[in-house]
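The values are calculated or read from the model by the stated rules, or taken from the named source; none is laboratory data. All values derive from a computational prediction rather than experimental measurement. Cβ placement follows ideal geometry from the backbone for every residue including glycine, while neighbour counts extend to all protein chains displayed.
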Amino acid sequence: MAAAMSPPDTATIAGDTHYKIAAFLRPQPAAALPGIGPATARTLGRYGLRTVGDIADTPLSTLQMILGGGRRPPNHERALGIDDRPFIPAAAPTVSAGSPFPHDELGPEQHRRGVLALAEEVGHRLRETREAASTLSLTVRYADRSTTPRSRALPEASHRTRVLASAAADLYTSLALQRARVRSFTLRAEQLRPAGTAPQQLSLDPTDERLLALEAAIDRARARFGSAAVTPASLAASPSAGQP
């Protein structure tokens, strides 16, 4: 309830004692209680029960008569600040990309090209959302639908394609697939944080600056013309694949 009434980027503290919690709850409208929808709120309102305090002060037998049914109304306990539902934390956000091969793929070179394409996609999405990943995971799905995951922590949180591609290549190598028949790869960036808060190692290499500028130009081109507007040379189809 406190979270629902808080403006974005703020928090409302309900209190840590019975009296503080009651002071927070009692003035709230009855419909703010979990389990009380619009129809129940209207029913309670017809009996003058319009706030959480009104519900808390009403005898349980009276609430059972108003709402019907023989069970103890859970909203009565919640009006008193009692809620025994388990706390389930939200799943940590991730950014992922996956793409199946057109057929079960045996070739290591095609495997590597697929993993690199996923690193390109994940990096682009991270930069779009201005996030950086601290961990990268790669999952391979085989022809028999079994899977093998691998993950590793990055040296520092990053959304740079070069960093992600290097880590993804290492993860692929660690799988030691040899002649495995691969159906798909999925690459996932985990333990995300705002890119502006991620520490960056100072680089005096002019090549690194040029790569940053190129990455930004590629992102602008993709934003304007679509994700297929720019393709890294390492992903371009080779003449042996039947391309001109």
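For segment 107-115, indicate whether the set of residues that are in a loop (DSSP other than H, G, I, E, B), among the small types (Gly, Ala, Ser) and modelled with pLDDT under 80 is non-empty.
No: zero hits.
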Could you check, for segment 187-198, whether at least one of its residues is at pLDDT below 70, touching a strand residue (DSSP E or B) at 6+ places or on another chain (Cβ under 8 Å) and either assigned by TED's automatic domain parsing to the domain that holds residue 141 or small (Gly, Ala, Ser) (or both)?
yes
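Table: residues versus (1) modelled with pLDDT under 90; (2) not basic (Lys, Arg).
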{"residue": "183", "(1), (2)": "no, no"}
{"residue": "203", "(1), (2)": "yes, yes"}
{"residue": "217", "(1), (2)": "yes, yes"}
{"residue": "222", "(1), (2)": "yes, no"}
Which one of these does residue 93 not meet: (1) under 34 Å from the mean Cα position of the chain (by Cα); (2) in a loop (DSSP other than H, G, I, E, B); (3) surrounded by 13 or more Cβ atoms within 10 Å (Cβ to Cβ); (4) at pLDDT 80 or above?
(3)
Pair list, Cβ under 8 Å, 6 or more apart: segment 134-150 residue assigned by TED's automatic domain parsing to the domain that holds residue 106 and more than 14 Å from residue 119 (Cα to Cα), other residue outside any strand (DSSP E or B) and of a type in the set (D, E, K, R)
142/181; 143/181
The lone condition residue 169 fails out of (1) at pLDDT below 65; (2) surrounded by 13 or more Cβ atoms within 10 Å (Cβ to Cβ) is (1)
Matching residues, segment 16-34, being touching a helix residue (DSSP H, G or I) at 6+ places or on another chain (Cβ under 9 Å) and in a loop (DSSP other than H, G, I, E, B):
26, 27, 28, 33, 34
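For every residue, the table says whether it meets (1) part of a helix (DSSP H, G or I); (2) closer than 30 Å to residue 182 by Cα; (3) modelled with pLDDT of 90 or more.
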| residue | (1), (2), (3) |
| --- | --- |
| 44 | yes, no, yes |
| 55 | yes, no, yes |
| 63 | yes, no, no |
| 66 | yes, no, no |
| 103 | no, yes, yes |
